[in-house]
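The values are calculated or read from the model by the stated rules, or taken from the named source; none is laboratory data. No experiment lies behind these values; they were computed from the predicted model shown. So basically every Cβ, Gly included, is an ideal-geometry build from the backbone, and we count neighbours across all protein chains shown.
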Amino acid sequence: MTQDEQRDILDDWHDLMNMKPAELEAWLDTEESRSACAMLGQNGQLTALKVLELARLKPTDLTAAEWSKMREITFDIERTLAAGRPADLSQQAAWRYALMNCGHDPLRY
């Protein structure tokens, strides 16, 4: 991966991650977070924990696999946001919670 690609990934990451690691850690310890993870199965919980791990690392400490995971996570957030908030009120909390498990609270700017 080139330095330009890493810079692009890092820019996207910082644009989308609007929860600080301590906020994300506290959020991941809530029942709401766990319920959002449960809907996605084990993969949801592993992704949430990986987001927290990545949020705590310095860019110079990232491995090639971690850069790829960051790109995947930012793509997932962008795709979820592009699809828009569900019209069904009963689905809106789950949509928000899934994004928050990735470090992005859609109610914040």
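Some values worked out for this structure:
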{"quantity": "Qualifying residue in region 18-33 (condition: of a type in the set (S, T, N, Q), closer than 18 Å to Leu107 by Cβ, crowded, with 16+ Cβ neighbours inside 10 Å and touching a helix residue (DSSP H, G or I) at 6+ places or on another chain (Cβ under 6 Å))", "calculated": "yes"}
{"quantity": "Pair list, Cβ < 6 Å and 6+ apart or interchain, from region 75-91 residues that are more than 14 Å from His104 (Cβ to Cβ) to residues that are assigned to a helix (DSSP H, G or I)", "calculated": "Pro86/Gln92; Pro86/Trp95"}
{"quantity": "Residue satisfying condition, being over 13 Å from Met17 (Cβ atoms) and either among the acidic types (Asp, Glu) or not in a helix (DSSP H, G or I) (or both), within set Arg85, Arg79", "calculated": "Arg85"}
{"quantity": "Residue in region 83-99 that is closer than 14 Å to His14 by Cβ and touching a Gly at 6+ places or on another chain (Cβ under 9 Å) present", "calculated": "no"}
{"quantity": "Qualifying residue in region 36-52 (condition: outside any helix (DSSP H, G or I) and either at pLDDT 90 or above or within 17 Å of Asp12 (Cα to Cα) (or both))", "calculated": "no"}
